[in-house]
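Dumping the structure here so I can ask a few things about it.
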Amino acid sequence: MIHTPQDYGIERPLLEWVVAVGKITKPDGIVWCDGSDEEFQSLIKLMTADGTLIKLNQEKYPNCYLHRSNPNDVARTEEATFICTKNREDVGPTNNWMPSDEGEAKLLRLFDGCMIGRTMYVIPYLLGPAGSPYSQVGIELTDSCYVAVNMEIMTKVGKVALEHMKDGEFVKGIHSTGQLDPDRRYICHFPDKKLIMSLNSNYGGNALLSKKCHALRIASVMARDQGWLAEHMLIIGIEGPDGTVTYVTGAFPSASGKTNLAMLKPPEYMKGWKVWAVSDDIAWIHLDSEGRFRAINPESGFFAVAPNTNVKTNPRIMETVKKNTIFTNVALAMDRTPWWEGMGDHPRKLWDWQGRIWTAGKGSAAHPNSRFTTSINQYRLLSTEYTNPNGVPITAIIFGGRRSDLVPLVHESFSWEHGVLMGAMLRVETTAAAVGEVGVLRYDPMAMRPFCGYHIADYFRHWLSFRSRSESLPKIFQINAFRMGQDGRYLWPGYGHNLVVLKWILDRCRGRADAVETPIGYVPTPDSLNLTGMNLPGSTIEELLQVNKRAWMNEIELSWLFFKTLGEQFPDILWQELSKLRDRLRNPSLAPHN
Ligand code: GTP
Ligand code: SPV
Ligand code: MN
C-alpha cells in the first residue's frame, strides 16, 4: 500500500483530481492502492476484523471469504442507472437520462462529506492486456474496502495501469457506499467527460466501476466514435481433435450462460475437444488490418453466478472457486463451507445468505443472484491468447438468452444484416442479476439493453456499419439452451452438451454441416448434430429444432412495435430485413436473400 503519491510517479492531472474529489467527499485518509499481495491481504484482514468478510473453512477453501451484503443491495439497479448527456435523444428510450451538468451537480451535492470517518482508496486499473493498443486505464476512488479487493481481482491494479496512461488520460470513477439508501442510489455515467459517479450501492455491477460502467457503458460510446465494439460477450477458443483452435464470441443477457459456456467441459462423447476461456462477460472487438474482428477481454477475473453451479454440470467452475475467492450472499454450512441451491444435497444445518438459521422449504438459502469473485489466472483452461495484445480472431458471433418457447436450439443468419436483426430482436426472460421481476420477457438487443451508453438505434447502425468496412465478417448465429417442453422442463441438457451446438456452428463456418433453410435462417438437420452420446428421443430433437411459423409471425409483430418505440433513428436496413423475414414466413418458397 502506498500512502504518498510521490512514491508512485503520479501524473499531475490525476493528483489534482484525487485532491479535488477528496475535498468534496472529505475522507479521513487517502490510500493509493498498488495491487500487491500484501496490500490485498491487509485489506482482507481489515474486513475480517470488522465483520465485512467471514473467513471460510481454510482447509477446504483456502484464502476464501464470504461477504453478506445489505439485503436491499443484491443486484444491479437499472432504474437508478443514468446516462448523463447534453440531450435526451443521445441516450434513447432504453436508458434513463439526466442532463449532464445538472446530474454532475446533483451527485456532487450528494457526495459532499460522504466519506467522513472513512478511508478513500485510489485504485488505478488497467482494462485489457498489458501492452495492448486496445487497453484502457481507469481510476476508481471508493470508500469501500470490499470494492477495493474485488477490483484487485477483476482488473490489473497498480503500476501497470499508471504506466499505460497516455497524456494523463483515464476514465474517472467515484464511488461511495454512502448509507446504502435505495432512495438516493445513483449510478451515473457521463460519456462526454469519461466520468462515472456511483452512490449508495456496494453491489458488483453498480460499484466495481471498471465492469459494466467503464468497460461497457462508457466504452460503448468510445467504440461508436472510434469504430470498434464494446460488447456483453464471452470469448472462447474451441479446439477440435485436429488441434485447430477457432475463436467465437457469445452475447447472452445477464445470468444466461456466458460463464458456463466459457468454462465448458466437453462431454465424454466428444473426445479430443477442448474449450479455452478468453473472457466470460465482456469483449472489446476491433477490426484488424485484414478486416477481421479481433477480441480482447478487458477484465482479469470472474464475477459470476453461484446458484446451480455444481460438480456435475460445471466441474471447472467448482474447481476454480476452491481457493482465493470472495463469495457474496451465498449460504454457509456449519463447517464454514459455502453452499447454494443447485450445488447438491444441502447440509443438515445452514445459515442463509443473511446469516439466519435456514430451514428447508423456507425460501432460498443463497440469494438467487449470489456470486463469486475469482482471478481468471487461476482458471486451468485459460487460453494462452488471453494476454495477446492483439486479441483473438473471431469466426462466429452467437446471440442467446433464456427463451422457453419459440427460438430453436440453434440457427444461422443469412447475412450480416439479418444477423444484426437477430441480435436486435433478442427478447428473453429477465433474471435475478437486476432488481425487478424475474422470468418476464423483454427486449434485450445484443444482450446490451442495460449496458449500451447511447441510443440503441444508433448502436444498431454502428453494427451495420461494419458491412462496408470488412470482407471477412464473422457469421452470426442464435442459440437457445432454455427451450421447454409442455411439461415445463428444459428440452436440452445444456452445459457440457452445448459443445454439440458449438461444433455445428464451427462446421457451418467451414461449410461442412447440413442445414435446412427455414424462413428464420439455417437450422440443423438432426443428422448434422452429433447427438449420439446424449440419448435424446427423436421427438425432443424435433421440438428443439422446430420453427413455428405462426409464433414467429407474432414475434415479428412485437418486434415491429418495439422498433417503433426507438424512433426515427431506427435503421431502414433493419426495417427491410424485418419485412423480408415476414415475407419468407408468409411464403416459405422465397429465397433467403429476397
Ligand atoms: P452474468 O455474469 O450475469 O453476465 O451471467 P452469465 O451469462 O455469465 O451466466 P452464467 O453462466 O453465470 O449462468 C447463469 C445461470 O444459468 C447459472 O445458474 C447456470 O447454472 C445457468 N446455466 C448456464 N448454462 C446453462 C445451460 O446450458 N442450461 C441450463 N439449464 N442452465 C444454464
Ligand atoms: C451482469 O449482470 O451481467 C453481470 C453482473 O455480469 S454485474 O457485474 O453485477 O453487472
Ligand atoms: Mn454480465
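The values are calculated or read from the model by the stated rules, or taken from the named source; none is laboratory data. Source: prediction; values computed, not measured. Here the Cβ is made from the backbone with ideal geometry for all residues, glycine too, and neighbour counts use every protein chain on show. For accessibility, only protein heavy atoms count, side chains too; no ligands or nucleic acids. Shrake-Rupley method; radii C 1.70, N 1.55, O 1.52, S 1.80 Å.
Yes/no per residue for (1) in a strand (DSSP E or B); (2) open to solvent by 10 Å² or more (accessible area, probe 1.4 Å); (3) among the hydroxyl-bearing types (S, T, Y):
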{"position": "W276", "(1), (2), (3)": "yes, yes, no"}
{"position": "D281", "(1), (2), (3)": "no, yes, no"}
{"position": "E299", "(1), (2), (3)": "no, no, no"}
{"position": "F302", "(1), (2), (3)": "yes, no, no"}
{"position": "E319", "(1), (2), (3)": "no, yes, no"}
{"position": "D335", "(1), (2), (3)": "no, yes, no"}
{"position": "G344", "(1), (2), (3)": "no, yes, no"}
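Separate question: Identify all residues within region 25-50 that are hydrophobic (A, V, I, L, M, F, W, C), open to solvent by less than 30 Å² (accessible area, probe 1.4 Å) and farther than 30 Å from A331 by Cβ; write none if there are none. Lay out the reasoning, then the answer.
Taking region 25-50 and keeping what is hydrophobic (A, V, I, L, M, F, W, C), we get 30-33, 40, 43-44, 46-47, 49.
With the extra rule that they be open to solvent by less than 30 Å² (accessible area, probe 1.4 Å), the set shrinks to 31-33, 43-44, 47.
V31, W32, C33 - these are the residues of region 25-50 that are hydrophobic (A, V, I, L, M, F, W, C), open to solvent by less than 30 Å² (accessible area, probe 1.4 Å) and farther than 30 Å from A331 by Cβ.
Every residue in region 321-333 that is open to solvent by less than 70 Å² (accessible area, probe 1.4 Å) and either within 27 Å of G496 (Cα to Cα) or touching a residue at least 40 places away in the same chain (Cβ under 8 Å) (or both), please. Break it down into steps so the answer makes sense when it comes.
In the first step, residues of region 321-333 are kept if they are open to solvent by less than 70 Å² (accessible area, probe 1.4 Å); the result is 321, 324-333.
Correct list: V321, N324, T325, I326, F327, T328, N329, V330, A331, L332.
Please tell me if A481 is touching a residue at least 60 places away in the same chain (Cβ under 8 Å), over 14 Å from L574 (Cα atoms), touching a Phe, Trp or Tyr at 6+ places or on another chain (Cβ under 8 Å) and crowded, with 21+ Cβ neighbours inside 10 Å. Full working, then the answer.
Details: touching a residue at least 60 places away in the same chain (Cβ under 8 Å): yes; over 14 Å from L574 (Cα atoms): yes; touching a Phe, Trp or Tyr at 6+ places or on another chain (Cβ under 8 Å): yes; crowded, with 21+ Cβ neighbours inside 10 Å: yes.
When the stated conditions are applied, A481 passes them.
Sticking with this one: So, of the residues in region 304-317 that are more than 15 Å from ligand 2 (Cβ to nearest atom) and among the β-branched types (V, I, T), which turns out to be surrounded by the fewest Cβ atoms within 10 Å (Cβ to Cβ)?
Looking only at region 304-317, we keep the residues that are more than 15 Å from ligand 2 (Cβ to nearest atom), and these are 308, 310-316.
After this cut, where a residue has to be among the β-branched types (V, I, T) as well, the list is 311, 313.
Working: V311: 12, T313: 18.
Once the filter is applied, the top-ranked residue is V311.
Conditions tested, residue by residue: (1) of a type in the set (D, E); (2) in contact with a Leu (Cβ under 7 Å, 6 or more places away or on another chain); (3) surrounded by fewer than 18 Cβ atoms within 10 Å (Cβ to Cβ).
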{"position": "T52", "(1), (2), (3)": "no, no, no"}
{"position": "Q58", "(1), (2), (3)": "no, no, yes"}
{"position": "T77", "(1), (2), (3)": "no, no, no"}
{"position": "F82", "(1), (2), (3)": "no, no, no"}
{"position": "L108", "(1), (2), (3)": "no, no, yes"}
{"position": "P124", "(1), (2), (3)": "no, yes, no"}
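In addition: Select from region 538-594 the residues that are over 31 Å from the mean Cα position of the chain (by Cα), assigned to a helix (DSSP H, G or I) and among the aliphatic types (A, V, I, L, M) and list them in ascending order. Write out each step before concluding.
Start the filter on region 538-594 by keeping residues that are over 31 Å from the mean Cα position of the chain (by Cα), which leaves 538-539, 542, 549-550, 579-580, 582-594.
Of the ones still in play, those that are also assigned to a helix (DSSP H, G or I) are 538-539, 542, 549-550, 579-580, 582-586.
Within region 538-594, just L585 meets the criteria.
Any idea how many residues of region 41-93 are closer than 22 Å to N200 by Cα, small (G, A, S) and away from ligand 2 (no atom under 16 Å from the Cβ)?
So the count comes out to 1.
What number of residues in region 347-358 are open to solvent by 40 Å² or more (accessible area, probe 1.4 Å), closer than 25 Å to D73 by Cβ and touching a strand residue (DSSP E or B) at 6+ places or on another chain (Cβ under 9 Å)?
Of the residues in region 347-358, 2 are open to solvent by 40 Å² or more (accessible area, probe 1.4 Å), closer than 25 Å to D73 by Cβ and touching a strand residue (DSSP E or B) at 6+ places or on another chain (Cβ under 9 Å).
Test I476 against the criterion of being under 28 Å from V275 (Cα atoms), open to solvent by less than 20 Å² (accessible area, probe 1.4 Å) and either touching a residue at least 40 places away in the same chain (Cβ under 8 Å) or touching a helix residue (DSSP H, G or I) at 6+ places or on another chain (Cβ under 9 Å) (or both), and give yes or no.
Numbers: under 28 Å from V275 (Cα atoms): yes; open to solvent by less than 20 Å² (accessible area, probe 1.4 Å): yes; either touching a residue at least 40 places away in the same chain (Cβ under 8 Å) or touching a helix residue (DSSP H, G or I) at 6+ places or on another chain (Cβ under 9 Å) (or both): yes.
Here the answer is yes, as I476 does meet what is asked.
Among the residues of region 484-500, which ones are open to solvent by less than 40 Å² (accessible area, probe 1.4 Å) and within 21 Å of the chain's Cα centre (by Cα)?
Scanning region 484-500 gives G494, G496, N498, L499.
Given the conditions (1) surrounded by 21 or more Cβ atoms within 10 Å (Cβ to Cβ); (2) over 30 Å from G237 (Cα atoms), and given that E412 satisfies all but one, which numbered condition is not satisfied?
Tallying (1) surrounded by 21 or more Cβ atoms within 10 Å (Cβ to Cβ); (2) over 30 Å from G237 (Cα atoms), E412 fails exactly one: (2).
I've got another one for you. Can you give me the number of residues within region 166-179 that are more than 24 Å from V221 (Cα to Cα) and not in a loop (DSSP other than H, G, I, E, B)?
Residues in region 166-179 being more than 24 Å from V221 (Cα to Cα) and not in a loop (DSSP other than H, G, I, E, B): 1 in total.
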